[in-house]
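Report on the structure given below.
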Amino acid sequence: MNALELRIPPVALSLFFAGVMWLASAQFPVMSFAIPARLVISIALCGIGMVFVLVGVVAFRGAGTTVNPMQPGAASTLVRSGIYRFSRNPMYVGFLFLLGGWAFFLAHALGFILLPAFVIYMNRFQISPEERALSLKFGKAFAAYIQSVPRWL
């Protein structure tokens, strides 16, 4: 287990990336560019992101399992219904959409470059450790689930 695995709550990580995106746009204005309808696109992406996050949380709450991503071994149920039929990590997909909306709002090259960095970090230090814990807890059921539902979308 790496020292960064399951150490930074995904909400905090998303806020960190949003802050870095904003700081980069403020410090390097030369990398900004015009995006037609950027406000509309930004609002739409953020709206989609909020829906993913909220629907994911509601599904976990409805199943009576933990929403705490720092303790995946505490999960009491493997949620496979609702939005979890389309994505194993809809809350993280939602955070990515929110960051994408923020990137469009800022209209700055570094904001868009940081989006794959967010995905890479999440895959390595959050999702992979979660999947190891869920595999130990739910065994064959989880193995079947990861074969039928993508990690992101």
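The values are calculated or read from the model by the stated rules, or taken from the named source; none is laboratory data. No experiment lies behind these values; they were computed from the predicted model shown. Backbone-built Cβ (ideal geometry, glycine too); neighbour counts: all protein chains shown. Surface areas here come from the heavy atoms of the whole protein model, side chains and all, with no ligands, DNA or RNA. Shrake-Rupley method; radii C 1.70, N 1.55, O 1.52, S 1.80 Å.
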message: Can you name every one of the helices (runs of 4 or more DSSP H) wholly within the range 68-153 that holds 2 or more residues which are under 22 Å from ILE43 (Cβ atoms) and touching a residue at least 24 places away in the same chain (Cβ under 8 Å)?
response: 90-106, 109-121
field: Condition met for ALA141 (crowded, with 16+ Cβ neighbours inside 10 Å and of a type in the set (Gly, Ala, Ser))
entry: no
message: As an exercise: evaluate ALA24 against (1) over 17 Å from the mean Cα position of the chain (by Cα); (2) open to solvent by less than 40 Å² (accessible area, probe 1.4 Å); (3) among the small types (Gly, Ala, Ser); (4) closer than 25 Å to ALA143 by Cα and give the number of the one condition it does not meet.
response: (4)
statement: Taking the range 69-92 and keeping residues open to solvent by 50 Å² or more (accessible area, probe 1.4 Å), under 24 Å from ILE48 (Cβ atoms) and within 18 Å of the chain's Cα centre (by Cα) leaves ARG80, ARG85, PHE86
message: Condition first: in a helix (DSSP H, G or I), over 19 Å from LEU153 (Cα atoms) and among the polar types (S, T, N, Q). Now tell me which residues in the range 1-57 satisfy that.
response: SER25, GLN27, SER42
